[in-house]
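Undergrad: A single structure is presented below for examination.
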Amino acid sequence: MLRVEGVTKRFGALVALDNVTFEVNSGRLGIIGPNGAGKTTLFNVISGFLKPDSGRIIFKGRDITKLKPSRIAEMGLIRTFQILKVFRNLTVEENVKAVCDDYREILEDVGLWEKRNVLAGNLSQGEMRLLGIALALSRNPKMLLLDEPFSGLSPVECRSLADYLRDLKVPSIIIEHKLGELFDLVERVVVLNFGRVIFEGKPSEVVENEEVVEAYVGSS
């Protein structure tokens, strides 16, 4: 469904992404790496907020590399953001209602129905994160790009969200620093370091890869 082909992105002398290639057809793929590895830049390129210097993004058989973010979203490739983007002066219900009419089930699924009359700006960070996911789901995605969905969530909220995402029949790419939660959820993992893919495989194989271990230890 999604192919990232040889994507390179530079900011001056800094190579943020260096010939990144992978694909996702179904299920859930995790993207991990030390801080500054290029993870969010990769999401920005896939979703059209940044244009690569070389390489292509293919979604559902179409080259979307030069399309605007709004057009990519209309095609069903929907992302959430590490920095939360919700309408803080509207209630939870009003936020999701602004995007779709059939919102009750979505709010129930992410555990926010009881908070539907609360102003989004008064939510906890974890609840606001869930609202961002609800807004993404309300756009009827064909694929989700989730940027740190477990950030700010309590252990109970993490388990609840993981269970929901596991049952969700939408292919997903997930950036996450909480590796335990991520590895229990995804089937494959891509590891970035200095913009390069240094590993792709099963979560159980990540901790056995010397280059991955060195990347994390060296960044601490």
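The values are calculated or read from the model by the stated rules, or taken from the named source; none is laboratory data. Computed from a prediction, not measured in an experiment: that's the story for all the values here. No Cβ is skipped: glycine too gets one built from the backbone with ideal geometry, and neighbour counts run over all protein chains shown. Note: areas computed on protein heavy atoms with side chains; ligands, DNA, RNA excluded. Shrake-Rupley method; radii C 1.70, N 1.55, O 1.52, S 1.80 Å.
Undergrad: Quote the relative contact order of the chain in percent (integer), defining contacts as alpha-carbon pairs under 8 Å separated by 6+ residues. Display every interim value, and only then the final one.
TA: On the way: 424 pairs, mean separation 58.3, N = 220.
For the chain, the relative contact order is 26 percent.
Undergrad: Taking a ≥ b ≥ c as the square roots of the eigenvalues of the Cα gyration tensor of segment 53-136, is the shape rounded (a/c under 1.5), prolate (a/b larger than b/c) or oblate? Before the final figure, lay out the partial values.
TA: On the way: a/c = 2.83, a/b = 2.16, b/c = 1.31.
Prolate, since a/c reaches 1.5 and a/b exceeds b/c.
Undergrad: Let me have the relative contact order for segment 16-135, percent, based on Cα pairs under 8 Å that are six or more residues apart. Mind dumping the intermediate values first?
TA: Values: 107 pairs, mean separation 23.1, N = 120.
Relative contact order comes out at 19 percent.
Undergrad: Using only the Cα atoms of the chain, what semi-axes does the equivalent ellipsoid have when each is the square root of 5 times a gyration tensor eigenvalue? Give whole Å, largest first.
TA: Output for the chain: semi-axes of 29, 20, 16 Å.
Undergrad: Something else now. Taking 7 Å along the Cα-to-C-beta vector as the label spot, tell me the E211-F87 distance in nanometres, rounded to one decimal.
TA: 4.6 nm
Undergrad: Let me ask another. Which of N95, N209, N25 moves the most in a Gaussian network model of the chain with Cα springs under 10 Å?
TA: For the chain, modelled as a Gaussian network with Cα springs under 10 Å, the answer is N209.
Undergrad: Under a 1.4 Å probe, what is the accessible area of the chain per residue, stated in Å²? Working shown, then result.
TA: On the way: 10730 Å² over 220 residues.
Solvent-accessible surface per residue comes out at 49 Å².
Undergrad: Could I ask something else about it? When the Kirkwood radius is taken over all Cα pairs of segment 1-123, what Stokes-Einstein diffusion coefficient follows at 37 °C and 0.692 mPa s, in µm²/s?
TA: Numbers: Rh = 16.5 Å.
The Stokes-Einstein estimate is 199 µm²/s.
Undergrad: Considering only DSSP beta bridges where both residues belong to the chain, give the percentage that are antiparallel (nearest 5). Intermediate values should be presented prior to the final figure.
TA: On the way: 20 of 35 bridges.
Close to 55 percent.
Undergrad: Now a separate question. Out of the total accessible area of the chain (probe 1.4 Å, heavy atoms of protein only), what percent is carbon and sulfur? List each step's numbers first, then the result.
TA: Working: 5210 of 10730 Å².
On the chain, the fraction of accessible area on carbon and sulfur atoms equals 49 percent.
Undergrad: Sticking with this structure for a sec: For the pairs K9/K178; K97/K142; K66/K169; K51/K115; K85/K178, flag any whose C-alpha to C-alpha distance is greater than 31 Å.
TA: Details: K9/K178 26 Å; K97/K142 20 Å; K66/K169 28 Å; K51/K115 38 Å; K85/K178 21 Å.
Checking Cα-Cα distances, K51/K115 exceed 31 Å.
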